[in-house]
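Report on one structure; see the data block that follows.
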Amino acid sequence: MQQQAVTQAIETGQAEPSRRRQRRPLAGLLTGTLLLPSLLAPVQAGSLSGTATLPSRFSVPRDAVFEAVLIDAAVADAPARELGRVRLKPAGPSPWRFTIRYRDQDLTPWGRYAVRASVRQGQRLLFTTDTFKPVLHEAASQPLRLELVPVHAEPRR
């Protein structure tokens, strides 16, 4: 019976009945739901490139790790939301060139975006950015340049 229906569909130029049945559930699932725009819209990926440097008198250990993070700090008194991250392991010598990838759909008109960077050796923070470096809006400077400063540990008592 199934073979007969397939043969008839081919002779008349209609789609196979089994294929039609496979399409219907998907169409029914998408229509009338809130997910329709997000499922149909392609996921766009953006990227942000820059360079990070240390003051010339400093260097990093061989096993150090460089990390740069794109954040949204729009909500006061709340942790910044991470949108993208890049790690260079081992860090190698300064300057570090990096590209952070992010999803365009994570950006909002009221976002307050910045990049922070750090160099660590194991769990120990060695260098970090100490200023808020705005990105992804008209006033942001391009190309992105970050300067890391040394983190001095408190003396042991």
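Where a number appears in this text, it was derived from the coordinates with a stated rule and is not lab data. Here the structure is a predicted model, which means the values were calculated and not measured. Cβ placement follows ideal geometry from the backbone for every residue including glycine, while neighbour counts extend to all protein chains displayed.
Suppose each label sits 7 Å from its Cα in the direction of the beta carbon; what would the residue 105-residue 151 distance come out to in nanometres?
That separation, rounded to one decimal, is 3.4 nm.
Calculate the FRET efficiency for residue 58 and residue 123 from the Cβ-Cβ distance with a Förster distance of 25 Å, rounded to the nearest 0.05.
0.80
How compact is region 44-157 by the rule of thumb for globular proteins, expressed as Cα Rg over 2.2 N^0.38 Å?
For region 44-157, the normalised Cα radius of gyration is 1.11.
For the pair residue 97 and residue 85, how long in nm is the line joining their label points, each one 7 Å along Cα→Cβ?
Placing both labels 7 Å along Cα→Cβ, they lie 2.5 nm apart.
Please list the non-local residues whose amide H lies under 5 Å from the amide H of residue 126, H modeled 1.01 Å from N, same-chain partners needing a gap of 5 or more.
Close amide H contacts, sequence-distant or interchain: 119, 120, 121.
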